[in-house]
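Report on the structure given below.
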Amino acid sequence: MSIPPFFIALIIISTFLHGQLVSVESSVERGQPTHNPIRNLISNQRQSQHLSSDAQEYVNAHNTIRRKKGVPPLQWDGKLAQYAQHWADQSVNECNPHHHSHGPYGENNLWEQYNERTPTQVTQVWIDEEPNYDHVKMACKCQPERKKCMCGHYTQVVWSTTKAVGCGNVTCNNELGVLIVCSYNPPGNYQGENPFQYAHPLPSSMGARKPQRKRHHNPRGAR
């Protein structure tokens, strides 16, 4: 008795589909990667959105002026932000922008009565010191610096060899105001050095001794 062609075709299709199902199940059980473009897109977006809005605004504000001055952009550094926040927290009882941590990083401080300025406006306060900087003598026009005649915050913002920034803030006790701290690495404000020129140390193989560099700490925080 011969089998009708219809049944033969049905058997062939059934066998083919079964093989495909077995193949798919085996690849998943063996842990073979499967491509999911939607999942990969979401993953990439999450990686690019790791900064808070304030952090991104600080970076953008710094890099806007740095781009105008022809120096490389900064990146946000979480370690620097933690350091800045730690120093701000340590100052919660005095809220004094004139006191610096004197740590391994550059530092800009700003005091305000209320939490009224955006990160862009905070950075602009420091940028506005530019007229007080003598680009020929590579020093502040006022010696020593004093209120309304400072430039050290500005030079740190644009210091060409600085690569990263991180900021923190604290609302001080007893209604003393708000203290904002930004830390920078590598630090800038070396006396007698041009903020806009890269430093090119001689190779150690030449036996040259790197000159001692003296950092200039802002004697007064912006207020």
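Quotient of the Cα radius of gyration of the stretch 81-164 and 2.2 N^0.38 Å, N being its number of residues: 1.15. Take the Cα of His98, step 7 Å toward its Cβ, do the same at Leu176, and the gap between the two points is 1.3 nm. Here the stretch 115-132 and the stretch 166-180 have alpha carbon centers that stand 16 Å from each other. The H on the amide N of Cys149, modeled in the peptide plane, is under 5 Å from the matching H of no residue at least 5 residues off or on a different chain.
Rounded to whole numbers, the Karplus 3J(HN,Hα) couplings from phi for the stretch 133-141 are 9, 8, 6, 7, 7, 6, 7, 5, 5 Hz, using 6.51 cos²θ - 1.76 cosθ + 1.60 with θ = phi - 60°, and x at Gly and Pro.
Computed from the coordinates by the stated procedures, all read-outs in this text should not be read as laboratory data. No experiment lies behind these values; they were computed from the predicted model shown. Glycine also receives a Cβ, built like all others from the backbone with ideal geometry; neighbour counts cover every protein chain displayed.
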